[in-house]
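The next block holds one structure in the form of C-alpha cells; read it before the comments.
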Amino acid sequence: MNSFALLFLVLGLGLIGWLTGRARAGRLIRAAPKRSHSRPGQHAAYVAMWTALPALLFLTVWSAISPALVRDAVLETPAAASLPSFGFQRDSILGEARMLADNPEAGAFNEEARAIAPVYGAAERRYSWIGSAATILLAFAGFAFAYSRVTPTFRARTRVERTVMLVLLIASLIAILTTLSIFVSLLIESARFFAVVPITDFLFGTHWSPQVISSTDPGESLGAVPLFWGTFFIGAVIAMIVAIPFGLMSAIYLTQYAAPRVRRWMKPILEVLAGVPTVVYGYFAALTVAPAIRDFAVMLGFQYASSESALAAGLVMGVMIIPFVSSMADDSIAAVPTAMRDGSFAMGATRSETIRRVLIPASLPGVVAGMLLAVSRAIGETMIVVMAASGAATITLNPFESATTVTKQIVDLLTGEAEFDSPKTLAAFALGLTLFVITFLLNIVALRVVKKYREAYE
Amino acid sequence: MTDIQAPAVRTNQTDPAVAAPAQIKMTARDVNVFYGANHAIKDVSIDVDMENVTAFIGPSGCGKSTFLRTLNRMNDTISIAKVTGDITLDGEDIYSSDMDVVQLRARVGMVFQKPNPFPKSIYENVAYGPRIHGLAPARRDMDQIVESALRRAGLWEEVKDRLSDSGTALSGGQQQRLCIARAIAVDPEVILMDEPCSALDPIATAKIEELIHALRGKYAIVIVTHNMQQAARVSQKTAFFHLGHLVEYGETSEIFTNPRQERTKDYITGRYG
Ligand SMILES: Nc1ncnc2c1ncn2[C@@H]1O[C@H](COP(=O)(O)OP(=O)(O)OP(=O)(O)O)[C@@H](O)[C@H]1O
Ligand SMILES: [Mg+2]
C-alpha cells in the first residue's frame with residue numbers, strides 16, 4: 001500500500017474515531033447524574049487525535065527510514081554479494097536497481113542492477129507491508145485506548161488543548177531542527193576534513209589551490225585566507241559601499257520626502273527588486289558590468305585588467321542588497337514616533353536637520369542591524385560571484401583584480417568530478433561551516449541590537 | 001519657584017484671575033482649515049494677548065489642536081492640510097512668502113500633549129533649538145542657556161547633577177517640563193501648549209500649572225485643555241470651540257460665570273462634550 005492511500009486510511013479512521021467517540025460521550029453524558037467536565041465534541045476530538053496522530057507520526061518516521069532499511073536488506077541477500085564492496089559505484093547500482101524495481105521498462109547501465117532489481121522489489125514490498133500493518137495497528141490501538149477513556153468525568157477538553165499545543169510546537173520546531181541537522185552534518189563532514197588537514201593550515205594558510213593537492217601535506221594548498229579576504233572584500237566592503245549609502249538615502253527619501261503617491265508605487269518596486277533571482281543579477285554582472293569595468297581599468301592604465309574583477313561582482317551585489325538595506329532602514333525610521341519628529345519641527349528645525357539630528361540617531365540601532373543582516377546576505381550570496389568573479393584566489397586591495405569568495409569555491413569544489421571523501425570535496429564542507437558560523441553570529445548580533453532598540457520605545 | 005527671573009516675577013504678582021490690559025501679540029482673521037474634504041476650522045477670528053494666558057476649550061474633535069497648530073504652521077507638516085485666512089504675529093503675516101517657517105517656529109514654540117523628549121541627554125534636549133538656530137557660539141554660552149531654560153522650567157534643581165542622562169529616563173512630569181525648557185531655550189515670544197497635562201498625574205499637573213503662572217507675561221501662552229478647572233485656574237482669556245467654530249471668546253471669569261452663548265453654558269456645565 002502506498003503512503004498516500006495509507007494517509008487517507010488513517011484520516012478516515014480518525015473520522016470514525018471522532019464519530020464513535022462523540023456518540024459514546026453523548027450517551028454517557030446524558031446518562032450521567034452530574035454535570036460532565038467536557039462536551040461530547042471535545043471527547044470526539046480526543047479520540048480522533050489518538051487514532052490519527054500516533055499513526056501519522058509513525059508513518060512519517062517510517063517513510064524516512066524505510067529506504068535505508070530496504071537497502072540494508074538487499075545488501076544482505078546473496079544476490080548482492082557480487083556487488084563492489086564500497087562507495088560510489090555500489091550506490092549507483094543500487095539506485096538503478098531501485099528504479100528498475102519500480103519501473104521494469106526503464107533502461108539500465110549496469111547489468112548487475114537488472115539482476116538485483118527483483119530482490120530490491122521484493123524487499124521494498126516487504127517493508128511497505130510491514131509499515132502499513134504497523135500504521136494501521138497503531139491507529140486501532142490509539143483508538144481503543146482513547147475510546148476506553150471516554151467517561152463523563154474524563155477531562156478531554158484539557159487533553160485536547162495540550163495536544164493542540166504540542167502539534168503547534170512540533171510544527172515550529174521543524175525549521176529549527178532542520179537548521180540544526182544541517183549544522184550537525186556540516187560539523188561531521190568538517191571534522192573528517194580537519195582530521196586530514198590541520199585546522200590552523202585551513203584558517204590561516206594563505207595559499208589556496210585545490211586543483212593540486214599534495215598527498216603528503218594537503219594543508220599546504222588549502223589555506224582559506226584568500227577566500228575569506230575575497231568574501232570580505234566583495235561582500236562586506238565593495239557591496240556595502242554601494243548598498244549602505246543608497247539604501248539609507250532611499251529609505252530617508254521614501255519615509256520623509258516622498259509624497260504618499262510616489263511612496264505608493266516606489267516601495268513595491270524596490271521590494272520587487274529584492275525578489276529578482278540572483279542569477280539575473282549574475283549575468284548582468286558578467287555580461288554588462290564586468291566588461292565595462294575592465295575597459296575602464298584599462299583606460300586607467302591597468303594593462304592586464306581581468307574581466308572578472310572583484311569590483312564587478314561587488315558592485316552588482318551591492319545593488320542587489322540596496323532594497324534590503326532600504327527596507328530595514330525604512331522600518332526603523334518609520335518606527336521613530338511622529339511625536340519626536342514633530343517636536344523637532346516645532347523647534348524650527350528643517351527637514352534635513354530633523355533627519356540628521358533626531359531620526360537617524362533614534363533609528364541608528366535598527367539601521368545598523370539592517371546593515372549587519374545585509375552583510376550576512378552578501379557574504380552568503382553565490383550566483384553573482386559564480387558568474388562574475390573568477391576562481392583566482394588572490395589577496396589584493398585592488399578592486400580591478402580578480403578575487404574569489406567562499407561560496408564560489410564551494411561550488412567549484414563540489415561540481416568537479418571527485419570522490420566524496422577526498423580532502424578537496426571535504427574542504428567544501430569546512431568552508432560551508434565557516435560561512436554558516438559567521439552569518440549565524442552576524443544574525444544573532446543584529447537581532448540583539450534590534451531587540452534592545454525596540455525595548456527603548458515601549 | 002525661587003528660580004524665576006525678574007520679568008516673570010513681576011507678572012507673577014498680578015492676580016491670576018484678572019486679565020491684564022490687552023497688548024495683542026497674534027491675530028487670526030477668517031481662518032479656515034481643511035483636511036482634504038473635512039472642513040475642520042470655520043471662519044475663526046481671534047486675538048491672542050501678550051500678557052494673558054489664553055485657554056482653548058471645547059469637545060473632542062472640535063478643532064482646538066488644529067487651530068493651535070495654525071499659529072506656528074505645524075499644519076505644514078500634514079500634507080493634506082490646507083489653511084486659508086490671515087494670521088499675524090506682531091502684525092506680520094505668518095503665511096506670507098516672506099515669513100521663514102524656521103524663524104517663525106523659533107518665535108512661536110510648542111509643547112505637545114505627550115512629552116516627547118528626544119532620545120538624547122537632558123543637556124542636548126535643551127541645547128537642540130539654540131544649536132539649530134546658532135544662538136550659542138561658545139560652549140559657555142550654551143551652558144548658560146541650558147541652565148537658565150531649565151531654571152525657568154523649574155527643573156534645574158532636579159536634574160542639575162545628571163545633565164548627561166537621557167531625557168527619556170525622566171518621569172513623565174519631568175519630561176514635560178524638559179519639553180517646556182526646550183521650547184523656552186530658543187527664547188520664543190509665544191508658547192503653544194496642546195493639553196500639556198493630560199498624560200500627567202495631579203502633582204505633576206500642579207507643577208506645570210505653577211510654571212504657567214510663572215511664565216505668564218514673559219511669553220504669550222496659549223493652552224488647549226479638556227479640564228475646565230485647569231482652564232479656570234491658569235487662564236485669563238478663554239475661547240470655546242465647537243464643531244470648528246469659535247463660539248465664544250472672552251475673559252475666563254466671564255466665560256465660566258456668565259457665558260453669553262447657550263452652547264458654551266451647556267458645555268461648561270457638563271451637559272455635553
Ligand atoms: N492629521 C489629520 N489628518 C486629517 N484629519 C485630521 C487630522 N488632525 C485632525 N483632523 C480632523 O480635524 C478635526 C479636528 O481635530 P483636532 O485634532 O483639531 O480636534 P481637537 O479639538 O484637538 O480634539 P481633541 O480634544 O480630541 O484633541 C477632526 O475632525 C479630526 O478628525
Ligand atoms: Mg487635540
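Values quoted throughout were computed directly from the atomic coordinates according to the rules given, and no laboratory measurement underlies them. Note that the structure is predicted; figures quoted are calculated from it, not measured. For neighbour counting, all protein chains shown are included, and Cβ atoms are generated from backbone atoms with ideal geometry for every residue, glycine included.
A compact table of results
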quantity: More than 53 Å apart - percent of Cα-Cα pairs taken over the protein assembly as shown; calculated: 43
quantity: Residue order, fewest to most beta carbons within 10 Å, for B:Met228, A:Met249, B:Met26; calculated: A:Met249, B:Met228, B:Met26
quantity: Descending principal axes extents, region B:56-139, alpha-carbon based, whole Å; calculated: 43, 32, 24
quantity: Kirkwood Rh and Cα Rg combined as Rg over Rh, evaluated for region A:143-254; calculated: 1.35
quantity: Cα gyration tensor category, rounded, prolate or oblate, for chain B with a/c compared to 1.5; calculated: prolate
quantity: Relative contact order for region A:162-253, counting Cα pairs under 8 Å that sit 6 or more residues apart, in percent; calculated: 18
quantity: Within a Gaussian network of chain B (alpha carbon springs, distance under 10 Å), most fluctuating of B:Met142, B:Met110, B:Met50; calculated: B:Met142
quantity: Likely footprinting exposure, B:Thr77, B:Thr84, A:Thr216, fewest C-beta neighbours within 10 Å first; calculated: A:Thr216, B:Thr84, B:Thr77
quantity: D (Stokes-Einstein, µm²/s), Kirkwood Cα radius, region A:325-458, 1.306 mPa s at 10 °C; calculated: 89
quantity: Local electrostatic count at A:Leu442 - Lys and Arg +1, Asp and Glu -1, tallied over other residues with Cβ under 12 Å; calculated: +2
quantity: Number of partner chain Cβ atoms within 10 Å, mean per residue of B:125-138; calculated: 2
quantity: B:Asp49 long-range amide H proximity, modeled H, under 5 Å; calculated: B:Lys25
quantity: Likely footprinting exposure, B:Phe118, A:Phe183, fewest C-beta neighbours within 10 Å first; calculated: A:Phe183, B:Phe118
quantity: Dipole axis of the protein assembly as shown (+1 Lys, Arg; -1 Asp, Glu on Cβ), positive-most option in A:Ser215, B:Gly61, A:Met317; calculated: B:Gly61
quantity: Calculated from backbone phi, Karplus (6.51, -1.76, 1.60) coupling profile of region A:427-433 in Hz, x at Gly/Pro; calculated: 4, 4, 5, 4, 5, x, 4
quantity: Relative contact order computed over chain B (Cα-Cα under 8 Å; 6+ residues apart), in percent; calculated: 29
quantity: Max mean-square fluctuation residue, GNM over chain B, Cα-Cα springs under 10 Å, options B:Pro259, B:Pro115, B:Pro196; calculated: B:Pro259
quantity: Residue-by-residue Karplus 3J(HN,Hα) for region A:346-362, coefficients 6.51, -1.76, 1.60, Hz, glycine and proline x; calculated: 5, 7, x, 6, 7, 4, 6, 5, 4, 5, 5, 8, 10, 5, 5, x, 5
quantity: 5 angstrom amide H check on B:Gly85, placed H, neighbours 5+ away; calculated: B:Asn32
quantity: Length-normalised contact order for chain A - Cα pairs under 8 Å, 6+ apart - percent; calculated: 15
quantity: Of B:Arg29, B:Arg177, B:Arg216, the one that fluctuates the most in a GNM where chain B has Cα springs shorter than 10 Å; calculated: B:Arg29
quantity: Summed side-chain charge close to A:Ala81 - residues other than A:Ala81 whose Cβ falls under 13 Å, Lys, Arg +1, Asp, Glu -1; calculated: -1
quantity: Counting DSSP beta bridges with both ends in chain B, the antiparallel % (nearest 5); calculated: 60
quantity: Under the Karplus curve 6.51 cos²θ - 1.76 cosθ + 1.60, θ = phi - 60°, whole-Hz ³J(HN,Hα) for region A:33-45, x wherever Gly or Pro sits; calculated: x, 8, 6, 8, 6, 10, 7, x, x, 6, 4, 4, 4
quantity: Distribution of pairwise C-alpha distances over region A:1-141, 10 Å bins, in %; calculated: 12, 29, 21, 16, 11, 7, 4, 0
quantity: Cross-link pairs beyond the 20 Å C-alpha cut-off, checked among A:Lys452/B:Lys160; B:Lys120/B:Lys160; B:Lys160/B:Lys207; B:Lys25/B:Lys218; calculated: A:Lys452/B:Lys160
